[in-house]
Every structure is written in structure tokens, then in C-alpha cells.
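Read through the structure below, which is laid out as C-alpha cells, and then see the notes.
The values are calculated or read from the model by the stated rules, or taken from the named source; none is laboratory data. What you are looking at is a predicted structure, and each value in this text was computed from that prediction instead of being measured. When we count neighbours, we look across all protein chains shown, and the Cβ atoms used for this are built from the backbone with ideal geometry, even at glycine.
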Amino acid sequence: MAKLDNKKILACCANGAGSSLMMEKAIDKVMKKYGIKPAELRHCPVSEGKSAARNYDVVFCARPFAKTFDGCEANGTVLIPLKNVMSSPEIEAALKEAGLID
């Protein structure tokens, strides 16, 4: 659980309004379930996220946008592409698979 405490988390979608906001809320739901307090949790459009990703510890995006973030993992950023960006269970499973929650 402490692996994500004080970490910066970014949720990206095409325009940074609807689905990324819903993704942020789904991520927040998982964070609260595990008692995790991130330093920052925000959403933005992919166009902004592409350059901002290097400043975040974890970046979530829809699977079709994953290639946009090629190379961000070289900076230590964990990229988590999702099939359903509004699915808390999928987010939780992806974080477990990445070894970020137990």
C-alpha cells in the first residue's frame, strides 16, 4: 500500500474532460479502498500527458493511447493502459499486476 503513498498519479484521455475525470474518480476509489494517499491525482488530455508523464510516478490511459507514452517508462514512470477506464476493478487488478498494491 505504501508503494503509492506520496506518489504522483495522472489519468489521461483524448480531450482531458469526460473519461479522464471518470478515470480519476475510479482511481481515487481504489486509493481510498487501500488507504493510499497520493501526493497528486489529476487528469488531463493525452496531448498534455505525453509531455507531463515524466513528472509522474504512474500514468493511466486507455489502451489505444498507450503508444503515445512510449519511452516514459525509461524515466521510471509506470504506464497502466486500461480497457475500461471507468472500471475500479480493472484499475485495482492492474495496480496489483504492476506490484503497486498488495
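Restricted to helices (runs of 4 or more DSSP H) entirely inside the chain, those with at least 2 residues that are surrounded by 19 or more Cβ atoms within 10 Å (Cβ to Cβ) and free of Cβ contacts under 8 Å to residues at least 40 places away in the same chain are 18-33, 46-52. Condition check for residue 88 on (1) of a type in the set (Ser, Thr, Tyr); (2) more than 17 Å from residue 39 (Cα to Cα); (3) modelled with pLDDT under 95: one failure, at (3). All of (1) modelled with pLDDT of 90 or more; (2) touching a Ser or Thr at 6+ places or on another chain (Cβ under 6 Å); (3) not polar (S, T, N, Q) hold for residue 38 with one exception: (2).
Table: residues versus (1) within 18 Å of residue 14 (Cβ to Cβ); (2) out of contact with any Phe, Trp or Tyr (no Cβ under 6 Å at 6 or more places or on another chain).
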| site | (1), (2) |
| --- | --- |
| 46 | yes, no |
| 49 | yes, yes |
| 52 | yes, yes |
| 62 | yes, yes |
| 66 | yes, yes |
| 71 | no, yes |
| 74 | no, yes |
| 81 | yes, yes |
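Every listed requirement among (1) closer than 23 Å to residue 102 by Cα; (2) hydrophobic (A, V, I, L, M, F, W, C); (3) modelled with pLDDT under 95 is met by residue 60 save one, (3).
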